[in-house]
1. Which length gain, in nm to one decimal place, applies between Thr132 and Ile156 when the Cα-Cα distance is subtracted from 0.36 nm times their residue separation?
2. What is the pair-distance distribution P(r) of region 33-174, computed from all Cα-Cα distances in 5 Å bins starting at 0, with each bin given as a whole percent?
Amino acid sequence: MRSFGEKKLRLVLSAVACTLVGLSTMGSRAEASIVTVRFDPPVQAIPLGDPFTVDIVADIDMPVVGWGLDFTPATPGIISLTGPPAIGADWLGASAPDGDGLAGLASPLPPVNGSVSGIGIVLATLSLSADTIGSTDLVASITPGDLTEGFALDPIGFATVTFQAGQITVVPEPATILVLLFSGLGLTRSRRRIHR
């Protein structure tokens with residue numbers, strides 16, 4: 001017959017073992033969960049000076065209760081943000097300590113009911129302006145160590161995130177192209193007259 005102390009020790013060891021198995025299962029679940037963040041549309045050509053929008057979307061394979069990201073254009077000065085991001089319909093905007101407004105919590109109301117998963121889920125819509133002729137990549141990222149960024153799984157843990165860059169090319173306005181084209185034709189005609 002076992003003593004009360006032995007039974008208590010076995011119970012404690014059993015509880016510790018269950019906790020460790022649970023934690024290792026949650027860790028593997030988080031590692032197995034992958035979120036892909038991308039831009040929609042992925043590539044755009046925008047006339048100089050025009051405002052435009054681009055969505056940050058995610059393909060989420062397991063339920064997520066919240067997210068936080070960073071956004072930067074790879075080449076500064078070509079495009080700029082013209083206002084705060086508009087958070088997608090499945091999310092409630094959340095405070096982002098870095099001040100960029102790119103954070104959301106899953107809406108507790110139907111049809112979301114506190115967690116979100118699926119393909120092409122809109123996280124946020126960015127309002128931008130085409131400032132200078134040129135090309136830049138759009139880059140979304142997560143700051144290492146910032147626990148307000150990433151994709152929080154339901155009920156615990158964070159998903160592994162992969163990022164796909166977008167690209168914006170700012171082109172001259174169509175009217176500017178026509179002026180340059182006609183100026184070039186005028187110069188060609190003047191040169192022909194001089195040679196005659």
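1. Values: separation 24, 0.36 × 24 = 8.64 nm, distance 4.39 nm.
Gain on stretching Thr132 to Ile156: 4.3 nm.
2. 2, 11, 20, 23, 18, 12, 8, 4, 2, 0, 0
Quick note: the coordinates plus some simple rules give every number you see, no bench work behind them. Since the structure is predicted, the reported quantities are computational estimates derived from the model, not experimental observations.
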